[in-house]
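Okay, structure first, notes after.
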Amino acid sequence: MMQLPRHPSTGFLLYETMIAMAIFSAISLGLMMGFTSLERNLAATTSFATNHTDAMRISDYLALDLRRALSVQSTQNDTRVTIPDYYDANGDPRTPQLDGEGGVYYGSNGSSVQVRYYLFNGTIYRRQNLGTPVAIAENVSDFVFTVTDLGKVVTTKITFKPRFRSSGASQAVIDGTAVYNTTLLRNGSTGG
Amino acid sequence: MRLTFHSQERGSVLLWTVLVIAILSVFATEVLRAVSGRFQLGMQAAAWQEALIAAESGIDLGVVELRKSLYPAPNHAWDGWNNIPGNGVVSHGLVTIPNAGLGGTPMTIEVNVDAPAQLVDPSNGWQYYRLRTLGSMPLTGPPRIAFNKNDNKLRKLTLRVQRFIDTLFTSEGNTPHASRRLEAIVKPVSSFGLAVLAVSTLDLNNQNIVIDSFDSRDPAKSTNGLYDVAKRQENGDIATDGNLIQAGNAHVYGDVATNSGTVTGVSNISGVQRTDFYQAPIPIGEPVWPSINPSPATVNGSATLTASATEGSAMSRYRLSAISISGSQTLTIAGNPDGSPSYIELYVTGNISVAGTSQIILGDGVKAKIYFSGNVDIAGKGVLNPANQPEDLLLYGVQPTDTTPRHVSLGGNGQITAAVYAPDYDVTVNGGGSDGHVFGSVVGKTVAMTGVTNLHYDEALAASGIINNYEIVSWVEDTR
């Protein structure tokens, strides 16, 4: 029986094809797992960075009002700050008046503006008196912000749950995300 | 001869390489986008925070000029500013500090100080000042907004066009920058804001002294304007710019403060104990009066000086080379016969000596200010202050022009009711009558108390005397 000559380009044997597919599958699987992991890592890192940015913004918002605060009342995720009634109805600054006790006031004596920060439906709002609440951070249902009155200064602490593990974050990890801020109350007094 | 299937294999490898690079590039682009945006946000936030520092520095600059204005002339206050602040007159200052910011950016500080008529305290005529400041910092990097609109709402950065035009300030432009605007109100602080202030050592000796306060203006804090132990207040603060208070087992109804120092022998402090105190006392310059009552030119023996119903009038001002009385001599400062308020100012260029059983007697209604350049030794029967109001007898030690030590020794067997401000003098308070009570306030280079069992600080003194400082009573950020 005569053997036909084989040409290299005519095709692969079954076992060659299977080996090639196995190698391709292994490489593809590895690449896919790598890319998936990268993607997850990127998403978690982006989420962490976004949350951290949100925390810094919340902290800056709080500090903005706390610096000029006349009084501060706070519970977890709910802080009320009273600030001077600095603007008139046109939004222009008022001229201060002496209160006769060594201090000054804006507007009428004893008047102030209440600013409230609170978490509602995954959004942290800033609301001034009974005005329309302004969202300052969205998609932050896992955020916890606390304001602690230490007398002449107040400290704020903001935490969130990072998403690096599908099993969730431990309390220690959550605490590790804390953004702290200590603010001197320029107007001196705290308490309701 | 070259085979074609070699070229096909190369093409396959190239395809794979391009594919992998493309995928990695997508990741890299996304990472770069995320990182650069956040880096930009971080830089913008830093500039925004630095702008606050700049604006607060502006308040400091204004307060420094106000404090300089308290010093004896020439004090060079408001040099480099366009005006001296007043009612309707804004004093404007502009300072640029190079390389102050992150990335070596310059810090711009603009300050406007004025003195609105509404901010004059009607009780003593003291002017409060309004300081409005702008701090701005350039933004580095491309002028683009943040990912999150909430960051833009908070920081209100100027990126291409000046975001907010406030006619009060002129230094802002269209260049990318962060700015913060503040308004602070500062009020004058009296030289008698504390019960006792020593520039150096404060020694209360071992008399178990009780230091507390009352307010002669407030019936809830005094009885008929006088100290009442049942209405004792807890503002009898004592402090030193030095590092030692020897309290001698004192009971202080108030705060105790040192400059990084220690307090020994305090049995009880109702307030707080601080170690971060420093208050540079403003020196007293020689009184410069356009005209005076020329007679007498000195007091050496019994004499009578007459106060005037008009405060600051020439007839109420005397320049004496010395006061020296002894034996049973008296120096009487006569007021109006009906006891209505009358005023007198004495400038004693030499020493004041009250010895033997002699006495200085203030008439009813007399409010006396005594400036002195020499030593003061008051013994004998001391000074009779009939209304027992410390505000009625204010003693000021003029800053010496030489280095010879000066002292004030305040004693006698009468009750001591006075306020002493002599930051260049060693002040000793002796006795205070049979029960050792002293009413008033004492400021000295050093302060020592001997035989004093009680010091009652009158809080009304905080609204009288010379202005020694300015403190912020209101702070608002303009967030428009």
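Using the Cα gyration tensor of chain B, with a ≥ b ≥ c the square roots of its eigenvalues, what is the shape: rounded (a/c below 1.5), prolate (a/b larger than b/c) or oblate (neither)?
prolate
Please arrange B:401, A:17 by counting, for each residue, the other beta carbons lying within 10 Å of its beta carbon, fewest first.
Details: B:401 8, A:17 11.
The fewest-first ordering by Cβ neighbours comes to B:401, A:17.
So, with +1 on the Cβ of K and R and -1 on the Cβ of D and E, and no other charges, what is the size of the charge dipole of the range B:196-469 about its Cα centre, to the nearest 20 debye?
So the magnitude is around 420 debye.
To test your reading of the geometry: what angle, between 0 and 90 degrees and rounded to tens, separates the Cα axis of helix B:4-68 from the longest principal axis of chain B?
Taking the Cα atoms of chain B, the angle to B:4-68 is about 10 degrees.
For every other residue with a beta carbon closer than 14 angstrom to the beta carbon of residue B:166, add +1 if it is Lys or Arg and -1 if Asp or Glu, then tell me the sum. Can you show the working numbers first?
Working: positive: B:132, B:156, B:163, B:180, B:181, B:480; negative: A:92, B:110, B:172, B:183, B:477, B:478.
Computed value for this residue: 0.
Could you compute the FRET efficiency for residue B:18 and residue A:41, with r as their C-beta to C-beta distance and R0 at 30 Å, rounded to 0.05?
0.80
Just subtract the alpha-carbon distance of residue B:453 and residue B:92 from 0.36 nm times their residue separation and send over the number in nm, one decimal. Working shown, then result.
Details: separation 361, 0.36 × 361 = 129.96 nm, distance 5.08 nm.
Gain in length upon complete extension: 124.9 nm.
Expressed in nm to one decimal, what extension gain is obtained for the pair residue B:156 and residue B:28 from 0.36 nm per residue of sequence separation less their Cα-Cα distance?
43.0 nm
In debye, nearest 20: dipole of the range A:102-192 around its Cα centre with unit charges on the Cβ of K, R (+) and D, E (-)?
Details: 9 positive and 4 negative charges, 13 e Å.
The dipole of the range A:102-192 has a size of about 60 debye.
Between residue A:128 and residue B:268, what FRET efficiency follows from the Cβ-Cβ distance if R0 is 35 Å, with the result rounded to 0.05? If you can, show how the numbers build up before the last one.
Details: r = 45 Å, r/R0 = 1.29.
Step by step, r from the Cβ atoms, then E = 0.20.
Between helix A:14-67 and chain A, what is the angle of the helix's C-alpha long axis to the longest principal axis, kept within 0 to 90° and rounded to the nearest 10?
Relative to chain A, helix A:14-67 is tipped by roughly 0 degrees.
Whole angstrom only: what separates the Cα centroid of the range B:348-363 from the Cα centroid of the range B:175-189?
50
For labels at residue B:278 and residue A:135 in the simple 7 Å Cα→Cβ model, what's the distance in nm?
5.0
Over the Cα atoms, compute the radius of gyration (one decimal) and Dmax (the largest Cα-Cα distance, rounded to a whole number) for the protein assembly as shown, in Å.
Gyration radius and largest Cα-Cα distance of the protein assembly as shown: 36.6, 157 Å.
Can you tell me which lysines have their Cα less than 30 Å from the Cα of residue B:68? Leave out same-chain residues fewer than eight positions away.
A:152, B:187, B:367, B:369, B:445
Would you mind checking which residues have amide H under 5 Å from residue B:421's amide H? H placed 1.01 Å from N; only 5 or more apart, or other chain.
The list, which skips near neighbours in sequence, is B:395, B:396, B:397, B:443.
Taking a label point 7 Å from the Cα of residue B:171 along the Cα→Cβ vector, which residues of the range B:49-70 have an amide N closer than 16 Å to it?
Under 16 Å, as judged by backbone N against the label point of residue B:171, lie B:49-65 of the range B:49-70.
What is the gain in length, in nm to one decimal, between residue B:404 and residue B:336 on full extension, counting 0.36 nm per residue of separation less the C-alpha to C-alpha distance?
20.6 nm
For each of B:320, B:24, B:134, B:94, count neighbouring Cβ atoms within 10 Å of the residue's Cβ, then give the residues from fewest to most.
B:24, B:94, B:320, B:134
Using alpha carbons only, how many angstrom separate the centre of the range A:111-166 from the centre of the range B:228-266?
41
Quick note: the coordinates plus some simple rules give every number you see, no bench work behind them. The model shown is predicted, which means the values in this text are computed figures rather than measured ones. We place every Cβ from the backbone using ideal geometry, glycine too, and count neighbours over all the protein chains shown.
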